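In what follows, a structure is listed as structure tokens, so that the remarks can point back to it.
Please treat every number below as a calculation from the coordinates, not as lab data. All values reported here derive from a predicted model rather than from experimental measurement. A quick note on method: Cβ atoms are made from the backbone with ideal geometry, for glycine too, and the neighbour counts reach across all protein chains shown.
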Amino acid sequence: MKKSTLLLIAFLAFAGMANAQKSKLIGSWLMTKAEVDGKIETPYFITEFKEGGNFQVMGMDFGTWTYNSNDNSMQLKSAMDKDFNGKSEILSLTRDELIVSKDGAKLTYKRVNVAEIMEANKNSGLLGMWEFEDVPYPEAITYVTFNEPDEYTMIQQEEYSSSRYLGTWIFDKQEQSLIVIGMNGDNGFKGKNKVLKINEESLELENSGKVFKAHKKAKSTKKIEHLTFTEGDFYNEDGDYKYYDDEKKLPWFDWAEIKMGLLNVKQLVYNYSTLINGTEAFESKILKAEVKASLEDEGFTIDNIFNGYDRYNLPEEAELPQDKDYSQSLYPLENSTFRIAGNEQITTPAGTFNCMVIEVATYSDVLKKLWVITDKPGLGIYAKIIEENPDENFGHYSVYELQEIN
């Protein structure tokens, strides 16, 4: 056999080995471990090396990669993150595992199949919203919504603030594990979790020896009706208020008649629902407004529970508003700019009522839509109130709905 023929065979064999090594690298890899200076970290993110020479990190284009057969290494270039730039020496490469050395760090990857992840996630029982208890601390509430195929949203709510984070999740049925990738904020279940319990109502995860418990949030059937009017709609081009005559049409204009309808009423019970920011789910609680009306007294009083609390669950250092001016336009609400938007019959758990619909714009950019009962029994009572602050960062949306007239 000629020497040139032997060289060609050797070259083809070497090229075949190089191509086989390169083809092993193509695909999606989950980084499971990073060893740096004797310390072990578990970063958990997915890198996909594409056949055309590009690579993605967590689904985003990050740069290009090449395989060097001379020294069995990979060369990455990225304008997104310079930490990816440079040579990674391949220490081990099998069908399911890749170990490389880069800048003194030893990085271990596990091959993942995206289609299998999607199928496992779909059948995991995790889809939907979960409320985690005492995460990250008792004063906060953490909601995690697992969506198909592999994305989640985390909402962390505190008394005066709310934070939203996005990421990726991977469920492994065989291992009974849940990998949570990309989560920021204060939390303890980022990374790999052991699934201790999962059913239609409860979820328990263990991460680094700590157990996290959650319960499933039921899908809300409440329709979200965003308020689209603005304060500017209440004024003409000259800046003059357009609805002075509406006040005379309100039920409160005849407060004596309202009082007669309240003589046998002791309490109004409302369901107060607050939309969890970034979701379509609500947190709900019951509020009770005490009513006092008698023939001996000139007027009457109704507790103003429309700040989200009643006399039975007052926040610290808070007091129930003591406004007793029953003749004010929107009693027991504070006076604000308003207009009558029409009439509507609505049904709440307390019954079916004919209502006057009133739109309100307050000084604090909060919009309200009120349904006030116009027939007896219940004349002058609010059957429903929607309140919304449309501010992108500090907004809120809540609904008060009449449950009982006692």
>> Report, to one decimal in Å, the Kirkwood hydrodynamic radius for the stretch 115-217 based on all distinct Cα pairs.
In response: 13.6 Å
> Can you give the percent of C-alpha pairs in the stretch 330-388 whose distance is more than 17 Å?
Replying inline: 34 percent
> What is the chain's relative contact order, in percent, from Cα pairs under 8 angstrom and six or more apart in sequence?
Replying inline: 8 percent
> Cα centroid distance between the stretch 238-315 and the stretch 115-176, in Å?
Replying inline: 37 Å
> Taking only the alpha-carbon positions of the chain and ignoring solvent, what does the Debye formula give for the base-10 log of I(q)/I(0) at q = 0.12, 0.15 Å⁻¹?
Replying inline: -0.99, -1.30
> For the chain, list the DSSP H helices whose alpha carbon atoms reach 24 Å or more along the long axis and whose average Kyte-Doolittle value is 0.0 or above?
Replying inline: 3-25
> Along the stretch 210-221, what does the Karplus equation 6.51 cos²θ - 1.76 cosθ + 1.60 (θ = phi - 60°) give for ³J(HN,Hα), rounded to whole Hz, x for Gly and Pro?
Replying inline: 10, 9, 10, 10, 9, 10, 6, 8, 5, 5, 6, 9
> What do you get for Rg/Rh of the stretch 231-405 when both radii come from the Cα atoms and Rh is the Kirkwood radius?
Replying inline: 0.96
> Suppose every K and R has +1 on its Cβ and every D and E has -1 on its Cβ; what is the size of the dipole of the stretch 231-405 about the Cα centre, in Debye to the nearest 20?
Replying inline: 800 debye
>> Output wanted: per-residue J couplings in Hz (rounded whole) for the stretch 356-369, from phi through Karplus 6.51 cos²θ - 1.76 cosθ + 1.60, θ = phi - 60°, x for Gly and Pro.
In response: 8, 9, 10, 9, 10, 10, 9, 5, 9, 6, 8, 9, 9, 10
> Residue-wise, which Karplus ³J(HN,Hα) couplings in Hz belong to the stretch 193-198, taking 6.51 cos²θ - 1.76 cosθ + 1.60, θ = phi - 60°, and x for glycine or proline?
Replying inline: 10, 8, 7, 7, 7, 8
> Quick one: in the stretch 17-62, what % of C-alpha pairs are over 14 Å apart?
Replying inline: 58 percent
> If you keep only loop residues by DSSP, which trypsin sites (Lys or Arg not before Pro) in the stretch 240-322 have at most 15 other Cβ atoms within 10 Å of their Cβ?
Replying inline: K242, K266, R311
> At 222 nm, what helix-only mean residue ellipticity would the chain give, in deg cm²/dmol to the nearest 500, using -39500 (n - 2.57) for each DSSP H run of four or more?
Replying inline: -3000 deg cm²/dmol
> Counting Lys +1, Arg +1, Asp -1, Glu -1, what net charge surrounds K110 among other residues with beta carbon under 14 Å of its beta carbon?
Replying inline: -1
>> How are the alpha carbon pair distances in the stretch 227-301 distributed across 5 Å bins from zero to the largest one, expressed in percent?
In response: 3, 11, 12, 11, 12, 13, 17, 14, 5, 1, 0
>> Under the rule of at least 5 residues apart or a separate chain, name every residue whose amide H is placed under 5 Å from the amide H of I276.
In response: A281, F282, E283
